[in-house]
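First the structure, in the form of structure tokens, and then the observations on it.
The values are calculated or read from the model by the stated rules, or taken from the named source; none is laboratory data. The model shown is predicted, which means the values in this text are computed figures rather than measured ones. Note: ideal-geometry Cβ built from the backbone for every residue, glycine included; neighbour counts use all protein chains shown.
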Amino acid sequence: MKVLYISYDGMTDPLGQSQVIPYLEGLVKKGHTVTLISCEKPERAKEQSKIQQILSGANIDWHPVQYTKKPPVLSTIKDIRSIYKLSVRLVKEKKIETVHCRSYIAALIGLQLKNNFSTKFIFDMRGFWADERVEGGIWNLKNPIYKIIYSYFKKKEKQFLEKADYTVSLTENAKQEILSWKNISHQPLKIDVIPCCVDMNLFDATKISVTAIQNKKSELGLTDSSFVLSYVGSIGTWYLCDEMLQFFSRLLKKIPNAKFLFITPEDKDFVITKARVQNIPIENLVILKAARNEMPLLLKCCDASIFFIKPSFSKKASSPVKQGEIMSMGIPIICNSKIGDTDLIVRESNGGFILSELTDDAFDKLISQLEKLKELNPTEIRKGAERFYSLEKGIHAYDSVYKKLSV
């Protein structure tokens with residue numbers, strides 16, 4: 001099948017490199033012809049040659065468009081027009097059969113192409129985007145402009161679902177929510193669940209030697225006698241940094257030499273300032289930035305990994321990328337409930353502890369059972385990752401969608 005893949009996320013972004021490129025590489029190997037449009041941030045321009053080399057080597061025809069940030073709203077409209085103009089040319093030149101749209105901005109273009117050129121339209125929704133913007137405080141509905149924009153995208157969301165030849169959801173939770181909506185015509189919709197998958201060849205503990213782990217621990221000032229808790233990723237709108245540090249402060253009361261390893265692009269001072277509020281000594285923190293290929297070794301230095309996410313309606317559709325990566329390494333997870341399919345996956349994989357509330361009492365109760373984390377089977381946790389998050393299964397699932405549309 002000849003596919004045009006449109007992403008408003010850039011391929012020079014870490015998300016594009018973990019959650020777009022590996023899938024497209026696999027789909028090309030399955031025999032599909034892929035043309036890729038993505039919006040690239042000017043500050044990542046130095047990365048473009050590296051990404052171009054990767055994509056060219058995978059026989060993916062890449063057409064980057066420069067992302068514009070200011071002024072708000074108008075810059076997005078400008079980007080949409082640029083992408084649409086390029087898309088029209090590529091659809092005609094390459095005789096594109098299907099337009100695969102990552103999230104809502106791309107779907108605006110995909111729907112227009114379907115209407116104007118009869119191309120098939122895949123709505124790869126990635127979550128309830130408009131609701132995320134509101135619940136995350138990015139769009140304040142007290143502002144009339146954002147209220148209009150929110151209403152616009154909720155109407156478009158309905159159109160995307162009704163007119164898509166296929167919809168892809170990140171979670172079963174979100175799929176069932178959508179299928180329950182009475183205002184959507186053509187129910188039940190054609191919708192499959194494909195979560196944020198993980199490259200299990202990269203995140204493989206068997207490829208890491210004991211010596212490498214010991215050397216890295218020594219470098220970071222970690223010891224085998226100290227309990228090491230990790231957090232992986234950005235600390236932004238949804239991740240509850242204060243509550244995670246609150247948990248760690250309670251952990252220190254039981255294990256005074258415990259260490260909290262933050263693997264994050266955030267500034268160190270940001271984390272340290274928040275840690276001081278919880279009376280956490282700086283010597284109990286290790287804060288660093290890491291490239292993707294460094295992540296497996298760093299995770300193997302940890303006893304458990306934590307993430308708390310702000311629960312909300314839109315988080316029914318959330319599939320944290322970090323979850324698959326952590327589980328693939330056989331590391332137990334400590335997380336909160338009511339986030340996408342996280343509860344289900346952790347329970348079915350026997351992969352860690354789930355907190356139904358984020359209070360000192362709940363933290364102390366879990367910490368009192370911390371020894372049970374060491375009893376969890378890393379092989380079983382990894383099997384859970386393979387069952388739910390395997391990149392190969394994700395590629396196969398997308399290939400299946402493409403084949404259904406080519407009939």
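Here are the numbers:
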{"read-out": "Hey, S234 in contact with a Lys or Arg (Cβ under 6 Å, 6 or more places away or on another chain), among the polar types (S, T, N, Q), modelled with pLDDT under 95 and not in a strand (DSSP E or B) or not", "value": "no"}
{"read-out": "Selection status of G31, out of contact with any strand residue (DSSP E or B) (no Cβ under 7 Å at 6 or more places or on another chain), under 19 Å from V401 (Cβ atoms) and modelled with pLDDT under 95", "value": "no"}
{"read-out": "Neighbours by Cβ (under 9 Å, 6+ apart or cross-chain): first from region 287-299, in a helix (DSSP H, G or I); second of a type in the set (D, E)", "value": "M295/E325; P296/D204; P296/E325; L299/E325"}
{"read-out": "Among the candidates L245, L252, L261, residue that is assigned to a helix (DSSP H, G or I), closer than 25 Å to A291 by Cα, among the hydrophobic types (A, V, I, L, M, F, W, C) and at pLDDT 95 or above", "value": "L245"}
{"read-out": "Flag if I145 is more than 23 Å from P195 (Cα to Cα) and either surrounded by 19 or more Cβ atoms within 10 Å (Cβ to Cβ) or over 17 Å from the mean Cα position of the chain (by Cα) (or both)", "value": "yes"}
{"read-out": "The listed residue being under 14 Å from V34 (Cβ atoms) and assigned by TED's automatic domain parsing to the domain that holds G16, out of I83, I60, I51", "value": "I60"}
{"read-out": "The listed residue being in a helix (DSSP H, G or I) and among the hydroxyl-bearing types (S, T, Y), out of S87, S38", "value": "S87"}
{"read-out": "Residue ranges of helices (runs of 4 or more DSSP H) in region 313-380 with at least 3 members among the β-branched types (V, I, T)", "value": "342-348"}
{"read-out": "Complete set of residues in region 1-11 that are over 18 Å from T76 (Cβ atoms) and crowded, with 23+ Cβ neighbours inside 10 Å", "value": "V3, L4, Y5, M11"}
{"read-out": "Every residue from region 1-35 that is touching a residue at least 60 places away in the same chain (Cβ under 8 Å) and assigned to a strand (DSSP E or B)", "value": "K2, V3, L4, Y5, I6, S7, T33, T35"}
{"read-out": "Test: residue in region 78-99 that is surrounded by 12 or more Cβ atoms within 10 Å (Cβ to Cβ), in contact with a Pro (Cβ under 8 Å, 6 or more places away or on another chain) and in contact (Cβ under 8 Å) with a residue 24 or more places away in the chain", "value": "no"}
{"read-out": "I280 vs. criteria farther than 20 Å from C301 by Cα, touching a strand residue (DSSP E or B) at 6+ places or on another chain (Cβ under 9 Å), of a type in the set (A, V, I, L, M) and not in a helix (DSSP H, G or I)", "value": "yes"}
{"read-out": "Residue under evaluation R347, criteria (1) in contact with an Asp or Glu (Cβ under 8 Å, 6 or more places away or on another chain); (2) free of Cβ contacts under 8 Å to residues at least 12 places away in the same chain; (3) not hydroxyl-bearing (S, T, Y), criterion not met", "value": "(1)"}
{"read-out": "Top-ranked residue of region 100-118 - restricted to ones that are under 17 Å from the mean Cα position of the chain (by Cα) and hydroxyl-bearing (S, T, Y), ranked as farthest from L170 (Cα to Cα)", "value": "Y104"}
{"read-out": "F307 being at pLDDT below 95 and either of a type outside the set (D, E) or buried (at least 20 other Cβ atoms within 10 Å of the Cβ) (or both)", "value": "no"}
{"read-out": "Matching residues, region 259-285, being surrounded by fewer than 18 Cβ atoms within 10 Å (Cβ to Cβ), touching a helix residue (DSSP H, G or I) at 6+ places or on another chain (Cβ under 9 Å) and more than 21 Å from E132 (Cβ to Cβ)", "value": "F270, I272, K274, R276, V277, Q278, N279, P281, I282, L285"}
{"read-out": "Residue match in region 45-56 (condition: of a type in the set (S, T, Y) and either more than 20 Å from C196 (Cα to Cα) or not in a helix (DSSP H, G or I) (or both))", "value": "yes"}
